[in-house]
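The values are calculated or read from the model by the stated rules, or taken from the named source; none is laboratory data. Keep in mind that what you see is a predicted model, and the values were worked out from it rather than measured. With ideal geometry, Cβ positions are generated from the backbone for all residues, glycine too; neighbour counts draw on all protein chains shown. These area figures cover heavy atoms from the full protein model, side chains too; ligands, DNA and RNA do not enter into them. Shrake-Rupley method; radii C 1.70, N 1.55, O 1.52, S 1.80 Å.
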Amino acid sequence: MATSIHFTVNSSETKRPVFFTSPIKQIPTKRFIISCRSTKSPPESPPDLSEPNNNNKNKKNKNPSLSEQLKPLTSTTLSNPATDQPQFLSKPKSIWVNPAKPKRSVLSLQRQKRSLYSYNPQVRDLRLFAQKLNDCDSSQGAFLAALEGIPQPPTRENALLILNSLKPWQKTHMFFNWVKAQNLFPMETIFYNVTMKSMRFGRQFQLIEELAEEMISNGIELDNITYSTIITCAKRSKLFDKAVEWFERMYKTGLMPDEVTYSAILDVYAKLGKVEEVLSLYERGRASGWTPDPIAFSVLGKMFGEAGDYDGIRYVLQEMATIGVKPNLVVYNTLLEAMGKAGKPGLARSLFEEMVASGLTPNEKTLTALVKIYGKARWARDALELWERMRSSQWPMDFILYNTLLNMCADLGLEDEAKRLFEDMKQSEHCRPDSYSYTAMLNIFGSGGNADEAMQLFEEMSKLGVHLNVMGCTCLIQCLGRAKRFGDMVRVFNVAVERGVKPDDRLCGCLLSVVSLCEKTEDEDMVFLCLQQANPKLVALVKVLQDEKVGFEAIKDEFRDVIGSTAVESRRPFCNCLIDICRNKNNHERAHELLYLGTLYGLYPGLHNKTANEWCLDVRSLSIGAAHTALEEWMGTLYKIVQREEALPKLFSAQTGAGTHKFSQGLAHSFGSHVKKLAAPFRQSEEKAGCFVATREDLVSWVQSQAQSVAA
DNA sequence: GTAGGGTTAG
């Protein structure tokens with residue numbers, strides 16, 4: 001298989017956006033083979049697709065289904081790379097359509113024409129009448145009564161006009177049935193299509209399917225508009241098998257999909273995650289002479305984004321550049337989102353700049369995607385610059401964008417900016433803060449240790465009737481616990497439970513961490529009372545850990561029991577807190593046992609990392625007490641290894657991380673103090689914050705001096 | 001007013 005196919009995009013078009021002129025370093029081999037296949041005739045006979053207007057009486061039996069068509073295609077595109085390879089290595093640009101050698105089509109290049117409407121002088125009256133129908137009660141009785149008021153029996157055109165203006169779907173349906181019963185004119189395809197579109201708003205797939213069957217039994221033609229409506233309704237109702245089934249039925253009747261139906265079905269396969277099928281269909285369409293439009297590329301872009309497939313995203317950009325299709329705003333939005341999902345913030349940024357340079361104005365969705373990407377990447381400077389630009393350029397804002405900005409501020413610890421945004425929201429007309437905006441603010445105040453403002457927010461929520469969710473509750477409790485405002489904490493917990501918050505494992509982990517912060521027994525008892533309501537087994541475990549008479553095996557069983565029924569993301573926090581609680585009570589032996597159990601049950605993967613040159617202790621996901629315990633364990637182990645004169649690496653290091661939040665910065669500091677207390681040979685690295693280092697020599701001489709002092 | 005396809009949070 002080819003592993004390094006290089007080719008350069010034609011750079012003679014100097015106006016082409018920067019992003020497109022960069023050389024594509026490597027096209028994914030498998031995908032490329034699919035691309036290259038499409039110009040060549042497959043060895044098998046081509047799929048037998050009759051033309052839609054072919055008068056072949058047996059055509060129903062001769063039209064292969066989609067899956068039948070895809071089968072020979074995928075088997076030939078994917079299984080014969082050896083013969084294909086040299087051709088596309090030498091001629092990468094000739095892979096597309098060869099007009100001299102037309103292929104049998106899989107889609108019609110002519111989009112179905114819509115019928116033209118003639119001017120209707122009664123438009124105003126009919127609109128008013130339709131409005132009356134829309135305003136009346138939805139019951140059948142009321143609707144039929146309102147229908148009595150129709151000025152005269154409707155003509156075909158008048159009936160269509162009304163049908164087009166009715167909502168919700170129930171009324172469209174009743175009107176359709178009424179017109180049909182009047183028997184004034186034959187019900188043509190367009191009546192069904194308009195009715196189906198309205199049904200689709202109501203996700204009434206079953207009714208749509210019944211209408212389609214009715215058309216078939218009454219001999220009314222189903223056209224591309226009918227099929228695309230059925231397919232997209234199935235898709236939106238997540239009935240993907242139904243969507244595929246109707247697409248296949250269309251082929252079997254000999255009707256060719258046009259580009260609208262075709263991209264609808266591409267999206268169906270994309271939503272199913274069937275990437276190879278989508279690409280096969282795409283290539284077959286291309287080979288039929290189809291020039292995909294931005295909508296088709298948006299479908300491909302979204303699919304690759306969902307798969308986190310960066311090569312795929314590049315492929316979409318490359319295709320658009322090759323074909324000469326300029327991305328529109330939706331395509332840019334989709335690709336930006338996709339870049340985020342593929343973990344490419346830098347490329348998302350360049351793509352955004354390219355979009356703006358091309359003269360497009362970003363909308364709310366563009367900016368939401370970008371803010372999310374910068375927040376996730378912790379690119380505070382870019383995020384703030386973007387926000388400034390949003391304000392000065394007066395780019396559109398909506399409620400989702402505001403909340404995304406607030407979450408970004410929470411991720412980056414930008415308290416002042418969040419306050420400003422929150423005030424903006426309060427003063428806006430359409431973007432009032434909701435429960436999630438408040439949660440983001442509680443998160444920001446909570447992680448910043450700002451208990452007063454967090455409590456103010458809590459009171460404000462109670463006053464305004466904004467729902468407090470479990471995450472907001474967790475943030476508040478964490479914050480009040482750290483501020484040692486145990487009374488407030490208990491009050492918040494009780495109010496939250498009264499208002500329907502169901503404590504989850506994260507909230508329990510948070511309460512447990514508050515236990516570890518208590519100095520007085522009465523405070524501890526208050527917190528235990530809350531925890532008892534949420535997770536009695538956890539309280540029992542804490543009590544057992546404090547009972548010196550209980551042996552290790554019993555502890556192990558209880559621990560396994562509790563951790564086993566805890567959500568995975570909360571297991572390590574639970575263990576960290578339990579270790580902290582034991583250390584606070586000077587029960588170091590239990591702390592070491594717990595660290596051992598945590599390691600045994602896989603809660604601390606990657607705690608120890610060994611290479612030939614360096615051994616590293618990574619305590620970044622440990623609490624202070626757990627990190628101290630881990631350091632003591634490690635020093636004990638290293639001591640023995642040195643004494644036994646086993647092989648050692650040149651370098652030893654311990655990672656605590658520098659921390660981005662106020663409260664996560666304590667670990668490096670406290671770890672440093674503990675290093676000093678143990679007189680361990682580590683020193684803070686000058687190049688890297690949150691990293692402690694020691695050489696082999698440092699370690700050996702430390703062991704020797706320890707041994708001497710023990711001997712003395 | 002005008003039958004069909006694509007993009008946004010937790």
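For the reader, a short list of remarks on this structure follows.
Results for (1) out of contact with any Leu (no Cβ under 6 Å at 6 or more places or on another chain); (2) closer than 21 Å to A:CYS577 by Cα; (3) outside any helix (DSSP H, G or I); (4) within 16 Å of DNA strand B (Cβ to nearest atom), shown as yes or no for each residue.
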residue	(1), (2), (3), (4)
A:GLU460	yes, no, no, no
A:CYS479	yes, yes, no, no
A:LYS484	yes, yes, yes, no
A:ARG491	yes, no, no, no
A:VAL497	yes, no, no, no
A:GLY500	yes, no, yes, no
A:ARG506	yes, yes, no, yes
A:GLY509	yes, yes, no, no
A:VAL514	yes, yes, no, no
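- Candidates A:GLY449, A:GLY472 - the one that is farther than 13 Å from A:LEU405 by Cα and touching a residue at least 40 places away in the same chain (Cβ under 8 Å): A:GLY449
- Some residue of the stretch A:424-442 being more than 24 Å from A:THR366 (Cα to Cα) and buried (at least 19 other Cβ atoms within 10 Å of the Cβ): yes
- Those residues of the stretch A:116-160 which are assigned to a helix (DSSP H, G or I), among the polar types (S, T, N, Q) and within 10 Å of DNA strand B (Cβ to nearest atom), in sequence order: A:ASN158
- In the stretch A:443-458, the residues that are outside any loop (DSSP other than H, G, I, E, B), over 13 Å from A:ASP411 (Cα atoms) and open to solvent by 20 Å² or more (accessible area, probe 1.4 Å): A:ASP452, A:GLU453, A:GLN456
- Looking only at the stretch A:240-259, residues that are within 14 Å of DNA strand B (Cβ to nearest atom), open to solvent by 20 Å² or more (accessible area, probe 1.4 Å) and under 25 Å from the mean Cα position of the chain (by Cα) come to 1 in all.
- Hey, A:GLY312 outside the structural domain of A:VAL275 (by TED's automatic domain parsing), part of a loop (DSSP other than H, G, I, E, B) and either open to solvent by 40 Å² or more (accessible area, probe 1.4 Å) or of a type outside the set (S, T, N, Q) (or both) or not: no
- Restricting the stretch A:161-193 to residues that are in a helix (DSSP H, G or I) and free of Cβ contacts under 8 Å to residues at least 12 places away in the same chain, the residue that is nearest to DNA strand B (Cβ to nearest atom) is A:LYS180.
- Inspection of the stretch A:325-348 identifies at least one residue that is in contact with a Leu (Cβ under 8 Å, 6 or more places away or on another chain), farther than 22 Å from A:GLU283 by Cβ, near DNA strand B (Cβ under 9 Å from one of its atoms) and open to solvent by 10 Å² or more (accessible area, probe 1.4 Å).
- Set side by side, the residues A:PRO649, A:PRO681 differ, and just one is touching an Asp or Glu at 6+ places or on another chain (Cβ under 9 Å), at pLDDT 90 or above and part of a loop (DSSP other than H, G, I, E, B), which is A:PRO649.
- Taking the stretch A:288-302 as the range and being open to solvent by 10 Å² or more (accessible area, probe 1.4 Å) and in a helix (DSSP H, G or I) as the test, the residues that pass are A:PRO294, A:ILE295, A:SER298, A:VAL299, A:LYS302.
- Among the residues here, A:GLY285 qualifies as open to solvent by less than 10 Å² (accessible area, probe 1.4 Å), in a helix (DSSP H, G or I) and of a type in the set (Gly, Ala, Ser).
- Residue that is modelled with the highest pLDDT, among those in the stretch A:100-115 that are open to solvent by 100 Å² or more (accessible area, probe 1.4 Å) and more than 16 Å from DNA strand B (Cβ to nearest atom): A:ARG104
- Test: residue in the stretch A:514-533 that is among the small types (Gly, Ala, Ser), open to solvent by less than 60 Å² (accessible area, probe 1.4 Å) and free of Cβ contacts under 8 Å to residues at least 60 places away in the same chain: no
- Checking each residue in the stretch A:210-226 for being within 13 Å of DNA strand B (Cβ to nearest atom) and either of a type in the set (A, V, I, L, M, F, W, C) or without any contact (Cβ under 8 Å) to a residue 12 or more places away in the chain (or both) picks out A:LEU211, A:MET215, A:ILE220, A:LEU222, A:ILE225.
- Filtering the stretch A:285-292 for residues that are farther than 22 Å from A:ILE190 by Cα, touching a residue at least 12 places away in the same chain (Cβ under 8 Å) and near DNA strand B (Cβ under 8 Å from one of its atoms) leaves a non-empty set.
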